[in-house]
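The values are calculated or read from the model by the stated rules, or taken from the named source; none is laboratory data. Computed from a predicted structure; not experimentally measured. Note: ideal-geometry Cβ built from the backbone for every residue, glycine included; neighbour counts use all protein chains shown. Just the protein is used for accessible areas: all its heavy atoms, side chains included, with ligands, DNA and RNA removed. Shrake-Rupley method; radii C 1.70, N 1.55, O 1.52, S 1.80 Å.
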Amino acid sequence: MGLRVEQVTKSFGETLALEDVSFEVSHGEIVAVLGPSGCGKSTLLAVIAGLEIPDSGIVYWNGETLQGVAPHLRGFGLMFQDYALFPHMNVFDNVAFGLRMAKMSGQAIKTRLEEVLDLVGLRGFEERDVNTLSGGEQQRVALARSLAPRPKMLMLDEPLGSLDRTLRERLLLELGEILRRVDQTAIYVTHDQEEAFAVADRVVIMNEGKVVQTGTPQAVYAQPASIFVARFLGLENLLPGTARPEGGRTTIETDLGAFSVSGQFEGDVTVLIRPNSARLDEKGKLKFEARLLEHSFRGTICRAVFEVNGTRLTFEFLSDVDLPEQGHTTVLSFDPSTAIQVLQ
Ligand code: ATP
């Protein structure tokens, strides 16, 4: 039980913003809706919130339809990128706003405020003017404000989008931890796969108004369902190939050579080579010459771009490996059974 979105379609004039969108969010689960700009993420949230009426399809909460239920009666919370704290109110009044609107008593508001300000690490900030807070602190006030009325589900739309990278990474971990501590059911909308992977139990990947893949971050990264998903997740090593079924397996011809994979494929395919699959020696089953174009240090790993038969392939290695000099050619190898995935 929890949220169920069933076959929701919504268009604006000629634009089909959502097409047959279905997915579920269980109680206490954090689901990230991930996709490029314009894929329909905000429209989806608006439909769930009741701010937009779908052309067809139904949104359910705990098995009951929300059709005809006004936004303020759905019990969902929203937190946006431009979280718009009330500038003329202090922290207490900002966070208490929704509770006062709900006509909660003064004492109950005080108790709830202590709880949520504790939760976001802002106890003692009650009287502070919100204009004097740092970006991260303002964000935590916004989070406290949206959690204060105990929403059945919280929807966060690019909540960290306006912050710089370092702050974003820190707040992201904090945010995930806070949501989990209160077992908050949540939908987290973002176009950033790292953000989605860091915070979510499951991701729903969208493209052009449609859900193109759903699963845990580990599962979708391990098995992207299409070329679009692979590219979107930063898996760029895509090679054209020709597949021929052969005795229960498939032989695939590519510019890197021919190799056999499990499964049945036929005709033109795209082969994904996983970035962490290459070895800087000849011990893998498939060997090929590669010229190092560039490399960059990323902390524990380094990323190296090679040219192989006119194709650019990017591989990641532990930082302590000995890469060839830039412009030099070396032999790389990998084992197709673990390195390769066939996309159609
Ligand atoms: P972004 O990440 O850039 O916010 P998004 O994934 O949230 O994008 P939406 O804002 O849901 O995408 O928009 C989906 C499509 O619907 C876009 O083509 C957009 O132009 C269109 N659209 C959204 N709202 C309206 C509207 N009120 N009127 C007309 N077209 C709209």
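Quick notes on this structure:
- Selected residue [β-branched (Val, Ile, Thr), closer than 22 Å to Leu179 by Cα, surrounded by 22 or more Cβ atoms within 10 Å (Cβ to Cβ) and more than 8 Å from the ligand (Cβ to nearest atom)] from Val8, Val33: Val33
- Beta carbons closer than 7 Å, at least 6 apart along the sequence or on distinct chains, pair a first residue in the range 320-336 that is over 16 Å from Glu307 (Cβ atoms) with a second that is of a type in the set (Asp, Glu) for Ser333/Asp281; Ser333/Glu282.
- Residue check, Gly2 away from the ligand (no atom under 11 Å from the Cβ) and either closer than 29 Å to Arg180 by Cβ or outside the structural domain of Ser162 (by TED's automatic domain parsing) (or both): yes
- Matching residues in the range 14-30 - criterion: being without any contact (Cβ under 8 Å) to a residue 40 or more places away in the chain and more than 11 Å from the ligand (Cβ to nearest atom): Glu24
- Lys41, sole failed condition from (1) more than 11 Å from the ligand (Cβ to nearest atom); (2) under 13 Å from Met206 (Cα atoms); (3) open to solvent by 10 Å² or more (accessible area, probe 1.4 Å): (1)
A quick yes/no check of all residues on (1) in contact with a Gly (Cβ under 8 Å, 6 or more places away or on another chain); (2) at pLDDT 90 or above:
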residue: Pro224; (1), (2): no, yes
residue: Gly248; (1), (2): no, no
residue: Thr254; (1), (2): yes, yes
residue: Asn276; (1), (2): no, yes
residue: Leu280; (1), (2): no, yes
residue: Ala290; (1), (2): no, yes
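- Filtering the range 77-87 to residues that are more than 16 Å from the ligand (Cβ to nearest atom) and out of contact with any strand residue (DSSP E or B) (no Cβ under 9 Å at 6 or more places or on another chain) leaves Ala84, Leu85, Phe86.
- From Val116, Val189, residue being under 30 Å from Arg4 (Cβ atoms), of a type in the set (A, V, I, L, M), touching a residue at least 24 places away in the same chain (Cβ under 8 Å) and in contact with a Lys or Arg (Cβ under 7 Å, 6 or more places away or on another chain): Val189
- All told, Leu167 meets the bar of being free of Cβ contacts under 8 Å to residues at least 40 places away in the same chain, in contact with a helix residue (DSSP H, G or I) (Cβ under 8 Å, 6 or more places away or on another chain) and away from the ligand (no atom under 16 Å from the Cβ).
- Test: residue in the range 190-212 that is of a type in the set (Val, Ile, Thr), more than 13 Å from the ligand (Cβ to nearest atom) and under 18 Å from Gln139 (Cα atoms): yes
- Residues located in the range 94-107, provided they are over 18 Å from Gly77 (Cβ atoms) and either in a helix (DSSP H, G or I) or in contact with a strand residue (DSSP E or B) (Cβ under 9 Å, 6 or more places away or on another chain) (or both): Gly106, Gln107
- Search result, residues across the range 46-76 that are more than 8 Å from the ligand (Cβ to nearest atom) and either among the basic types (Lys, Arg) or assigned to a helix (DSSP H, G or I) (or both): Val47, Ile48, Ala49, Pro71, His72, Leu73, Arg74
- Candidates are the residues of the range 88-123 that are open to solvent by 40 Å² or more (accessible area, probe 1.4 Å) and under 16 Å from Gly136 (Cα atoms); the one that is nearest to the chain's Cα centre (by Cα) is Gly121.
- Elements of type strands (runs of 3 or more DSSP E) contained in the range 240-344, each with 1 or more residues being at positive phi: 257-262, 267-273
- Screening the range 158-229 for strands (runs of 3 or more DSSP E) wholly inside it with 3 or more residues that are open to solvent by 50 Å² or more (accessible area, probe 1.4 Å) returns the ranges 210-215.
- Any hit, the range 243-261, residues being outside the structural domain of Ala196 (by TED's automatic domain parsing) and within 30 Å of Thr190 (Cβ to Cβ): no
- Lone unmet requirement of (1) out of contact with any helix residue (DSSP H, G or I) (no Cβ under 7 Å at 6 or more places or on another chain); (2) over 29 Å from Leu113 (Cβ atoms) for Ile205: (1)
- Boolean, Val33 is in contact with a Gly (Cβ under 8 Å, 6 or more places away or on another chain), in the same structural domain as Arg128 (by TED's automatic domain parsing) and not in a helix (DSSP H, G or I): no
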